[in-house]
Amino acid sequence: MATVAVAALSAGVAQAYTVGTFSNGFVVPNVVHNGASDTTAVGLINQSGEARAVYWTFFDENGGALTSGCFAMKNRDYQPFVWSAESGSSMSGKRGYLVFALGETVAAPAAVPPIAFAPHKECADSAGLQTNGTLVAANTSPVAGAKISGSAFQVNATNKDVAFIPVIDGPLSMVATADLTRLDPGNLTVAAGAPSVGATAAGAAAPTAPQPTFSMRYAVGTGLDTSVVVWSTADQRGTYGVDVYNDQQVRKRLNLVLKKGKMNVFDPKTLAGLPSTHTDGFIEWTPGNGGTAPRDFADLGGTAGQVLTVAGGSVFTYSVVNSSDLSATQTILGSHR
């Protein structure tokens, strides 16, 4: 048992993702709190060379925007962000993800004399900016060339444990109509730190290239539990055929059901048909092979008529392995090829 536990917890986190860089924003793919003693904590650094407004939005597992806010950061500023303190009431136990982005410079409309607008250095509602006394709607999509970075942990004071949460680096890409103060489920299209995945177009039988395959680690059994996190900018709901390997290269073909639109957390032990011999290994999953057709995000709490492609955009996976024998929790990024 000790050998299995050490093997499960010894993998590093430096994999083929873009991590530890500065860009116009980032995503924390798994966020939850159960009070101040068990909460996600994020740390941000601004190296933009000037003050910047940082807009944030918390989305539920289906991509519904539940709450948002903004805070200003000076150059070379560090800002702690503790989710239990920032989330507001009635958010305990609600799992989702956070998007942090820096505001763009606001361009004056053609009907107004060409006045240079300053970049977002202070938090402002998108409809609250004025020029020459005329109300102007702000283009608050993430600014190109801005430099912010983040790190995240799940802090559990009761268990005296701190688990690393991978942060997905930008640059972030959003639709042209995106407003950082009022983001919808489909506004974020790409987080560059995660692999790009082809989309299934309307009427198409298969997704477009590229189609990376992820190897997601697991270790289960006496004293060992694993939670696998799957996050994407697009709709990943569907039933996927996956190959589950153990540490003796034995393959078992099983079904993985992803029920949530944007992020899913599943326990490998719940995979129907998992053999008792499969206690340590990895799950091979290819996004897009379980999708059906583009669907409306109204059923996920989004804007009616906002139809997104299936399994497109960016996809990110990682595993959290907990060993009660070692009283330790380890985060392992999902490898991809």
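The values are calculated or read from the model by the stated rules, or taken from the named source; none is laboratory data. It should be emphasised that the depicted structure is a prediction, and the values quoted were computed from it without experimental measurement. All Cβ positions, even for glycine, are placed from backbone atoms using ideal geometry, and neighbour counts span all protein chains on display. All accessible areas refer to the heavy atoms of the entire protein, side chains included, with ligands and DNA or RNA removed. Shrake-Rupley method; radii C 1.70, N 1.55, O 1.52, S 1.80 Å.
If a spin label sat at a point 7 angstrom from the Cα of Thr158 along the line to its beta carbon, the backbone N atoms of the range 18-41 nearer than 12 Å would be those of 34-39. Extending 7 Å from Cα along the Cβ direction at Gln211 and again at Val175 yields two label points whose distance is 2.6 nm. The listed peptides 179-190, 90-101, 264-275, ordered by packing as a protection proxy, come out as 179-190, 90-101, 264-275 (highest mean of other Cβ atoms within 10 Å first). Note: relative contact order over the range 16-94, using C-alpha pairs below 8 Å and six or more positions apart, is 37 percent. Counting heavy atoms of the protein chains alone, Glu284 has an accessible area of about 40 Å² for a 1.4 Å probe.
Using R₀ = 30 Å, calculate the FRET efficiency as 1/(1 + (r/R₀)^6) where r is the Cβ-Cβ separation of Asp267 and Ser92; round to 0.05. If you can, show how the numbers build up before the last one.
On the way: r = 21 Å, r/R0 = 0.72.
After rounding to 0.05, the efficiency reads 0.90.
Estimated from the Cβ-Cβ distance and a Förster radius of 45 angstrom, the FRET efficiency linking Thr239 and Ala72 is about 0.50. From a point 7 Å beyond the Cα of Ile45 in the direction of its Cβ, which residues of the range 62-78 have a backbone N at a distance under 13 Å? So the set is 76-78.
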